[in-house]
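Read-outs throughout are calculated quantities, based only on the coordinates presented, and are distinct from any laboratory measurement. Only a predicted model underlies this, so the values are computations on that prediction, with no experimental measurement involved. Glycine gets a Cβ as well: all are built from the backbone with ideal geometry, and neighbour counts include every protein chain shown.
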Amino acid sequence: MPIHGALGGPPEVTVAVAVTQWPGIGFPKRTSRFGHWGEWQYSLQANARSVVRLATTCQETAMLGFRCSFGRIMGRCTYTSGLIGLLLGGLVLSGCAPTPGSTLPPATIIAPGPTLQPRPTEAYPATALAAPTAAHAETPRPEPTVPPRHGIELTVLHTNDVMGEIDPCG
Amino acid sequence: MARRATAIKQERVQGEGIVLLLDAGNALLGQWVSLRSTGGVMVEAMNAMGYDALALGEYDLAAGLEVIKQREKEASFPFLSANLVTVGDDQPIVRPYVILERDGASFGILGLTEPGTREVLEKLDRATLLDPVEVARQYVSELRGKVDVLIVLSNLGLEEDKALAAAVAGIDIIIGGNSRRLMKEPERVGNTLIVQQGYNGEWLGRLQVTYDADRQPVSFAAEAVALTDSFGDDQEMSALVKKWAALYPTPTRRPTPTLTPQPGS
């Protein structure tokens, strides 16, 4: 059953996640950490917002990415991040759901709130990320010049045990 | 000394390739003027000849570490000893090694001192001499990747130098001293060449080695150059020696008093 909007605070986005326990997924339960229903609600809200922020950030990044040569790659991020966001949201929310036998009351279904309005697009300068030109791409990188090693002609002149002698033949 | 200066000048002019001038220790003290000047005359003379490094020998330490530090300040070349350290914290008292860059090639020169004077040093100077082999192992490992040719300037003695070369891999050349040996050809232990030549400043050793681009020795030759009068005296060095000899004149033996008959006796 979907929950629309975030609990308590101003709704920012529609998160279509069913609040049902997903058996077999090892998320920690929050029932023991939040002994008060209000706190539990706040935690649930905070988790949902985090997921939404993640998805929104990815969307913004994708919009910026369309303006550069990597737009296609980043565009895919919109769909991927959305799916990941929904999945994470489900996991987080299910992790926060009360376990059977808990003293906490079951989650209530909130009335549908306003749906997400598309964020106004912001204008970015087109020259922010210039696509590499063909000539640029084909230009080979200059190899670092390593001076060739040559052989060594070494002469060691050496003395030992001179013993302070300044005039050995005197 | 004046002949040695002449020979060195000739070698620098006639020799091919890179020339290093090194002393393997026991250089500063011994003869009257050098003793009275506590090595001052030797340092000035070695500065004039352009020595690149001196490894401290046990006799060099006889005047005490304060004198050594003073002479080190006066010298234009480094005093080296990797195993001469202060008691307690094992900090080197002089430089353990020096890296010389010549014509695009780098040479690591590591100094070692014979530990025979350890007890005297500990009493008088709060210094000691560590095991040279262990110390050399540590520094050779540190230097090997940094230099093209690694030379140990050793005052340990010939047999000890052989043992060092066998125990510590990575030494290209050992310029030795203390045994006062004239060697017709270098000793080879593994890839290490070991030489030393004579004593009392009567010979100048010359070791020529050719390394290929991979720093492998291709050929070598060693010679003990006897500093006979065929070299002539270098005038600059003669003047330097005379100056110091005038500062510290050698005491002349007093005439033995003779008994003369006293009048009336």
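Please report the projected area of the stretch B:2-247's Cα convex hull averaged over all directions, in nm².
One quarter of the hull surface, i.e. the mean projection, equals 12.9 nm².
So how much slack lies between residue B:185 and residue B:142, counting 0.36 nm per residue of separation and subtracting their Cα-Cα distance, in nm?
12.5 nm
Report, as a whole number in µm² per second, the diffusion coefficient that Stokes-Einstein gives for the stretch B:145-227 at 4 °C and 1.567 mPa s using the Kirkwood radius over alpha carbon pairs.
99
Could you work out how far apart the two model spin labels at residue B:101 and residue B:210 are, taking each label as a point 7 Å from the Cα in the direction of the beta carbon, and quote it in nm?
2.8
I want the antiparallel fraction of DSSP beta bridges within chain B, as a percent rounded to 5.
60
For residue B:126 and residue B:12 in one chain, what is 0.36 nm times their gap in residues minus the Cα-Cα distance, to one decimal in nm?
The span from residue B:126 to residue B:12 would gain 37.0 nm if fully extended.
Whose amide H sits under 5 Å from the amide H of residue B:95, counting only residues 5 or more places off or on another chain, with H placed in the peptide plane?
Here the answer is B:79, B:81, since their amide H atoms fall under 5 Å of that of residue B:95.
On a straight-distance basis, which lysines could pair with residue B:162 in a cross-link, Cα separation under 23 angstrom, same-chain partners fewer than 8 positions away excluded?
Qualifying lysines at Cα under 23 Å: B:184.
What is the gain in length, in nm to one decimal, between residue B:239 and residue B:86 on full extension, counting 0.36 nm per residue of separation less the C-alpha to C-alpha distance?
Length difference between fully extended and current span is 51.2 nm.
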